[in-house]
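So the structure is just underneath, and the comments pick up after that.
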Amino acid sequence: MRYCRFLHNNRPAYGAIEMRDDAYAITRLLAAPEEDLSAQMGPQSTPPADCDFTPMALSAADLLPPVKPSKIICVGRNYREHAQELGNEIPAEPLLFFKPPSSLLSPGGAVVLPAASQRVDFEGELALVVGKRTRNLGAGEDWRSVLRGFTLANDISARDLQKKDIQWARAKGFDTFCPVGPFVSDELDPDAGVTIETRVNGELRQQASTRDLIFPIPLLLRYISAAFTLEPGDLILTGTPSGVGPLHAGDSVEVSMAGLGGLINTVQAEDH
Ligand code: MG
């Protein structure tokens, strides 16, 4: 199952994603994931899944974030070489922080560089999409049954403010600091080792395997659900590999992974 969220006739809709002629296409409309219905906004609800729809290229769609999380939970320093490149110790247990849902940004949207920061970095990450309410996942339980699927995210970070503020709420939480998408897929096996890559203006800057995660996904889900009740649609960013670096106005940044497509965003300066 692969799906995206996009504007169809100026209304948010869900679409099924399939490969057509070596490119991703939206082939039909889907009903909203059941757990998202309560989050629908008034009359601008999802059109019925059976209404007329002409398949279109994913690249031509006006995409929205494919999830509506009640919270965005992030894991810091979960790749050895990235912890070391910032001069940090390898953590003994997962380091968690939040991004606010107001930081979500659509695929194709512009990351806005806040005037308050002189150094804003990209961090390409594999993200988990929660599929059912979960508290205290047990060691013997099927962690895959907790997830609706996987997607890509960019954990945009104001590096100078992260150091200055000590608490990371502002540095990680500005509006537009959580690009996510382009779609959600459950057809991925991160245990097999899938390569995540980040490119800035087409130049490869990050490349690592999901096998290199210090704390693997089942452990993260147990650790996180021991602290917070996970709700359907919640997003978990699993950490970034080495190679992080600054973004500048006019840049284009792409996070990609085989099976999850490419999450492309532009970068612009804050208007005054
Ligand atoms: Mg990160």
Exercise. Could you tell me whether any residue of region 171-189 is over 25 Å from Leu64 (Cα atoms) and aliphatic (A, V, I, L, M)?
Key: no
Quiz item: If you check Thr195 against the conditions, is it β-branched (Val, Ile, Thr) and within 16 Å of the ligand (Cβ to nearest atom)?
Solution: no
Quiz item: Which ones in region 245-272 are surrounded by fewer than 20 Cβ atoms within 10 Å (Cβ to Cβ), among the hydrophobic types (A, V, I, L, M, F, W, C) and more than 30 Å from Glu18 (Cβ to Cβ)?
Solution: Ala249, Ala269
Practice problem: With respect to Glu141, determine if the residue is of a type outside the set (A, V, I, L, M), more than 28 Å from Ala16 (Cβ to Cβ) and modelled with pLDDT under 95. | Solution: yes
Practice problem: Please state which of the following conditions Gln118 fails to meet, knowing it meets all the rest: (1) free of Cβ contacts under 8 Å to residues at least 60 places away in the same chain; (2) within 13 Å of the ligand (Cβ to nearest atom). | Solution: (2)
Quiz prompt | Breaking point among (1) within 16 Å of the ligand (Cβ to nearest atom); (2) farther than 13 Å from Met257 by Cβ, for Ala153 | solution = (2)
Quiz prompt | Within region 78-109, considering residues that are among the charged types (D, E, K, R) and within 15 Å of Ile224 (Cα to Cα), the one farthest from the ligand (Cβ to nearest atom) | solution = Glu93
Quiz item: Out of the residues in region 48-101 that are under 30 Å from Asp22 (Cα atoms) and of a type in the set (S, T, N, Q), which is surrounded by the fewest Cβ atoms within 10 Å (Cβ to Cβ)?
Solution: Thr54
Exercise. Among the numbered conditions (1) of a type in the set (D, E, K, R); (2) within 23 Å of Gly193 (Cα to Cα); (3) assigned to a strand (DSSP E or B), tell me where Glu81 comes up short.
Key: (3)
Exercise. Could you tell me which numbered condition Ser242 fails, if it satisfies all but one of (1) exposed (fewer than 15 other Cβ atoms within 10 Å of the Cβ); (2) touching a residue at least 24 places away in the same chain (Cβ under 8 Å); (3) of a type in the set (Gly, Ala, Ser)?
Key: (1)
Quiz item: Identify, please: which residue in region 64-77 is touching a Gly at 6+ places or on another chain (Cβ under 6 Å) and of a type in the set (A, V, I, L, M) and is, among those, farthest from the ligand (Cβ to nearest atom)?
Solution: Val67
Quiz prompt | Residue pairs meeting the criteria (Cβ under 7 Å; at least 6 apart or on separate chains; first within 15 Å of Val129 (Cα to Cα), in region 206-222; second in a helix (DSSP H, G or I) and open to solvent by 20 Å² or more (accessible area, probe 1.4 Å)) | solution = Ile217/Trp143; Pro218/Trp143; Leu221/Trp143
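The values are calculated or read from the model by the stated rules, or taken from the named source; none is laboratory data. Everything numeric in this text was worked out from a predicted model, so none of it was measured. Ideal geometry is used to build each Cβ from the backbone, glycine not excepted, and the neighbour counts take in all protein chains shown. When the accessible area is computed, the model is the full protein with side chains, heavy atoms only, and any ligands, DNA or RNA have been set aside. Shrake-Rupley method; radii C 1.70, N 1.55, O 1.52, S 1.80 Å.
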